[in-house]
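The values are calculated or read from the model by the stated rules, or taken from the named source; none is laboratory data. Bear in mind the structure is a predicted one, so any value in this text is a computation, not a measurement. We place every Cβ from the backbone using ideal geometry, glycine too, and count neighbours over all the protein chains shown. Surface accessibility is based on the protein's heavy atoms, side chains included, excluding ligands, DNA and RNA. Shrake-Rupley method; radii C 1.70, N 1.55, O 1.52, S 1.80 Å.
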Amino acid sequence: MGTDNQTWVSEFILLGLSSDWDTQVSLFVLFLVMYVVTVLGNCLIVLLIRLDSRLHTPMYFFLTNLSLVDVSYATSIVPQLLAHFLAEHKAISFQSCAAQLFFSLALGGIEFVLLAVMAYDRYVAVCDALRYSAIMHGGLCARLAITSWVSGFINSLVQTAITFQLPMCTNKFIDHISCELLAVVRLACVDTSSNEVTIMVSSIVLLMTPFCLVLLSYIQIISTILKIQSREGRRKAFHTCASHLTVVALCYGVAIFTYIQPHSSPSVLQEKLFSVFYAILTPMLNPMIYSLRNKEVKGAWQKLLWKFSGLTSKLAT
């Protein structure tokens, strides 16, 4: 289709991580295993929280949302990546590319806001523990979760609409593992400075603002913990935040380095590695971090395994 003597593409070619066949097969096996672990790990966390009444608290309500976001984010990117490892023609249609960008961008935005919400939950738990139940009631938790999802999807809708209105002309080779925002913008055959400004504003609103709220929450949390005279009390208070703080460092660190300065962004290879880290490694690590560093989750696992072993013994006899 032609418009103003420009040719518009109907599909894109994703260049991926490597053109070597043996390397692609090895990466396929590695990423497939990691994706399966990601899906199983996050689904088991959601199931565990639902089955154990001791985990029916605001913290684990938000963790359920985080696990659902992680699974969805990985699914928006990894299956297509796996398919392309074994395909000669690594094409993705214009519509599929737009859909992939929309969902991955939305789910990434949701995660940033959700992590800020979880930081607020930890702030109340440590700094205003006596009123925790009154403040973090079911209605507020639901509104905070809905705000996270709605803000992520609204931002993504705006960004996707603006990006795919750009004329791509005959540029159809995306040097990335997926239809990532900066990689698609680079294909445009017109000046994209306005798009880069939009990306910057979006990064400030949906990335840096939640990040600053997380920092403020943890400044207050650390200040409160240091005032606790009991060493055991300080250890226990810090332990309630350790898992969330680890996840925050993983998620925000990569995203800020990638998106906050489009003009001086890292190399294309670094962007690909960051995307792999964020799409595959982080969603896989999150349930492990919460399982290994959290007494309540470990206790729930032990209880579930004990019930399962008891049921297995009965069936065997």
Neighbours by Cβ (under 7 Å, 6+ apart or cross-chain): first from region 111-127, under 12 Å from V214 (Cβ atoms); second modelled with pLDDT of 90 or more and not in a helix (DSSP H, G or I): D121/M136
So T246, is it under 14 Å from A119 (Cβ atoms), of a type in the set (S, T, N, Q) and in contact (Cβ under 8 Å) with a residue 12 or more places away in the chain: yes
Sole exception among (1) touching a residue at least 40 places away in the same chain (Cβ under 8 Å); (2) touching a helix residue (DSSP H, G or I) at 6+ places or on another chain (Cβ under 9 Å) for C189, by number: (2)
So I219, is it open to solvent by 50 Å² or more (accessible area, probe 1.4 Å) and aliphatic (A, V, I, L, M): yes
Verdict on E196 being in contact with a His (Cβ under 7 Å, 6 or more places away or on another chain) and under 30 Å from S18 (Cα atoms): yes
Matching residues, region 217-263, being at pLDDT 75 or above and part of a loop (DSSP other than H, G, I, E, B): I228, Q229, S230
Hey, M118 part of a helix (DSSP H, G or I), in contact with a His (Cβ under 6 Å, 6 or more places away or on another chain), among the hydrophobic types (A, V, I, L, M, F, W, C) and under 28 Å from L63 (Cα atoms) or not: yes
Qualifying residue in region 98-111 (condition: buried (at least 24 other Cβ atoms within 10 Å of the Cβ) and under 30 Å from L226 (Cβ atoms)): yes
Region 40-63 - residue that is surrounded by fewer than 20 Cβ atoms within 10 Å (Cβ to Cβ) and of a type in the set (V, I, T) and, of those, farthest from the chain's Cα centre (by Cα): T57
Search result, residues across region 153-206 that are among the polar types (S, T, N, Q), within 19 Å of E271 (Cβ to Cβ) and part of a loop (DSSP other than H, G, I, E, B): N171, S178, T192
Count - residues of region 193-213 that are surrounded by 19 or more Cβ atoms within 10 Å (Cβ to Cβ) and more than 27 Å from A145 (Cβ to Cβ): 1
